[in-house]
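Every number here is computed from the coordinates shown, using simple stated rules; none is lab data. This structure is a prediction, so every number in the text was calculated from the model and none was measured. Reconstructed Cβ throughout: ideal geometry from the backbone, glycine too, with neighbour counts over all protein chains shown.
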Amino acid sequence: AATAATSAAAAKKSAPGGGLLMLMTLLPTASLRFELFFKTAADLVRQSSFLKINKITRVNLPNKGKHDPVAMWCRELRKAYPEVDVIPHYSLKNQYYGSPDKTFAAFDKFCKEISSEGVGECLLISGGGKKRKSDLSTLHCLRMAQRRRSCFARKIKLGVAYNPYFPDLADFSAERKSLTSKLETGMVSSVWMQIGSDLDRLTKGLEYLTSELERLNIRDTTPIYGSMFIPSAGLLSRMKFRPWNGVFLTEGDYLEDLANAVDITKKVNAIYSRYGVRVLCETAVRHHRDICMLDDLLSTYTPACESKGAAVSATTTTTSAMTTAASVDSAGAGAIDRNDEGKSTKKDDDTKDGHSLDSGGESGLMNLRGGVGGAHVGTTTAAVSRPRKPRIAARRLMENQKGKRPRKSKCQPTGSMDAREWN
């Protein structure tokens, strides 16, 4: 990992595109995942071409609605993009069917369906908000799967959530006790950290988690994932007045000032790197400035290696991507028509086509801009320069040679476009 980080840092300084190329290079090799948000299965399928072009293979599908067809979403996405590594979320509260037994039966059926589609892991969560007496908790569900050896829930990997940020001591202790009980079932394959801003609680929580994994001798086989936001003024305002359930962001520093939020996020990523935590991005990335911000936030993070050869692979991929980007840039520099701000001059801009990757508003994907290309979400079509009009140009040349004043063509565009770009 250190070798990969050193080579990537050198590439970041020397390669065109800087941090954007660095981020684009690390995506195929680093443990960086993106959470997708969408309204319909058709919206999800439309994202598959975007994922293919940018070589984004690690994505998560949330379960935020009641009885969401998560298994169908996995099937449709993998049908459009077979190489994708998708981890669906399964909320036992949103997938409630009247009793613990019926809810577990529905979960077991879900595991069977996604297993047949090539999905090998699921993030199992209890769900936020008020609890019903008949709700099935994550711990109870794991124990039921442990007892029923023939169930399909034993055939896939199951991840669980862990929140080390509870300010109340009773909730904090109950969360630790629950985590230990979940790990002791032997059914947990990964642990997913909640978002928060208290660095001291995060460090202590990771120390406790790693100690429990080492005690159970499963530290090397149980990856840890940590969520992150890309701070913005709008995000801070939403989290201040309408905070998410279970998300604790301190009002004194993180929610008070954007610069503080950025600094805390960098420190969180540094702690993630120290403990080998893999990153899950839960913020929509729509514009060039968002990509630059994400790259800046990850400057303190060293990607966690998934195997011994990951460092060599990352180094090789970095060099290869630099060479490819440079060759593409030199070969196609004249094919892209962009203004000084890097925005496309195409009228039907990709950001206005109604197919934004962030249907949920809080999370989504990003479009990466390397040597050439756009930083727009949706379709990935580049804005190609308009073709010249040879007949108009020839007629005007003849009129100029005769000393006549050129006539104004009906085909000449009006508005902000310079006529020289057309003629």
Phi to ³J(HN,Hα) by Karplus 6.51 cos²θ - 1.76 cosθ + 1.60 over the stretch 89-99, Hz, x for Gly, Pro: 9, 10, 8, 5, 6, 6, 9, 7, 10, x, 8
What residues qualify as long-range amide H neighbours of Tyr96, i.e. H under 5 Å apart, gap of 5 or more or another chain, H built at 1.01 Å from N? His67
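Mind checking the full-extension length gain between Thr300 and Lys39? Use 0.36 nm per residue of separation minus the Cα-Cα distance, one decimal, nm.
90.6 nm
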Looking at Thr185, Pro164, Pro243, which one has the Cα that reaches farthest to the positive end of the dipole of the stretch 148-262 (charges on Cβ: Lys, Arg +1; Asp, Glu -1)? Thr185
For labels at Lys66 and Thr180 in the simple 7 Å Cα→Cβ model, what's the distance in nm? 3.7 nm
Please list 3J(HN,Hα) in residue order for the stretch 39-44, calculated via the Karplus relation 6.51 cos²θ - 1.76 cosθ + 1.60 where θ = phi - 60°; whole Hz, with x for glycine and proline. 9, 9, 5, 5, 4, 5
Where the only charges are on Cβ atoms (+1 Lys, Arg; -1 Asp, Glu), what is the dipole of the stretch 124-181 about its Cα centre, to the nearest 20 debye? 520 debye
Out of residues 5 or more away from Asp85 or on other chains, whose amide H comes under 5 Å of its own, with H placed 1.01 Å from N in the peptide plane? Arg58, Val59
FRET E, pair Asp257, Ile53, Förster distance 35 Å, beta-carbon r, rounded to 0.05: 0.45
With the crude spin-label approximation of a point 7 Å out along Cα→Cβ, what separation in nm comes out for Arg215 versus Ala80? 4.5 nm
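Determine the alpha carbon to alpha carbon distance for each of Lys112/Lys157; Lys93/Lys133; Lys182/Lys267 and list only those over 23 Å.
Lys182/Lys267
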Amide proton proximity set for Arg278, modelled H, under 5 Å, gap of 5+: Ile224, Tyr225, Gly226
Projecting each Cα onto the charge dipole of the stretch 33-136 (Lys/Arg +1, Asp/Glu -1 at the beta carbon, about the Cα centre), which of Leu136, Val59, Cys111 comes out farthest on the positive side? Leu136
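Once fully extended, how much extra length lies between Asn245 and Tyr97, figured as 0.36 nm per residue of separation less the alpha-carbon to alpha-carbon distance?
Full extension from Asn245 to Tyr97 adds 51.0 nm.
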Quick one: P(r) of the stretch 171-280 from all Cα-Cα pairs, 10 Å bins, percents rounded to integers, in order of increasing distance. 13, 43, 31, 12, 1
Which whole-Hz ³J(HN,Hα) couplings does the stretch 64-69 yield from phi under the Karplus relation 6.51 cos²θ - 1.76 cosθ + 1.60, θ = phi - 60°, glycine and proline marked x? 9, x, 5, 6, 4, x
